[in-house]
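This structure is in structure tokens; I'll ask about it shortly.
Just so it is clear, none of the values below were taken in a lab; they were calculated from the coordinates. Bear in mind the structure is a predicted one, so any value in this text is a computation, not a measurement. When we count neighbours, we look across all protein chains shown, and the Cβ atoms used for this are built from the backbone with ideal geometry, even at glycine.
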Amino acid sequence: MKTTFNYDGRNLFTPTVFLDDFNKFAPISATQAWSLFFTASREDTALGTNPEAGKFWSYTLIASAVTGILATLIFHPIY
């Protein structure tokens, strides 16, 4: 098993997005974005590297928003 935990003392509690080797304006995948969101920017590989995980969370968020809007439009009484 290979671990990527090799932070020195000054980077131990620094969020991943502020580390020198991560923040080079490179594009990140949706899976990395959701991993950073769920771990409060501590780990970008918490959900793995499968792109389907990122798509799942993105589509879940979109579906929740659409459901909330439709429920408001349908069940909100109009006076």
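What ranking do 52-58, 70-76 get when scored by the average of other Cβ atoms within 10 Å per residue, highest first?
Ranked from most to least packed, the peptides come out as 52-58, 70-76.
Here is a follow-up. Set the Förster radius R0 to 35 Å, insert the Cβ-Cβ distance between GLU43 and ALA63 as r into 1/(1 + (r/R0)^6), and round the FRET efficiency to 0.05. Walk me through the numbers before you get to the answer.
On the way: r = 26 Å, r/R0 = 0.74.
With R0 = 35 Å, the Cβ-Cβ based efficiency is 0.85.
Once the piece of chain linking ALA26 and ASN50 is laid out straight, how much longer is it, given 0.36 nm per residue of separation minus the C-alpha distance between them?
Working: separation 24, 0.36 × 24 = 8.64 nm, distance 1.82 nm.
Between ALA26 and ASN50, full extension yields an extra 6.8 nm.
Among LEU70, THR39, THR60, whose Cα sits farthest toward the positive end of the charge dipole of segment 13-75 (+1 at Cβ of Lys/Arg, -1 at Cβ of Asp/Glu, about the Cα centre)?
LEU70
How compact and how long is segment 13-75, expressed as Rg and Dmax of its alpha-carbon atoms in Å?
For segment 13-75, the Cα radius of gyration and maximum Cα-Cα distance read 15.1, 50 Å.
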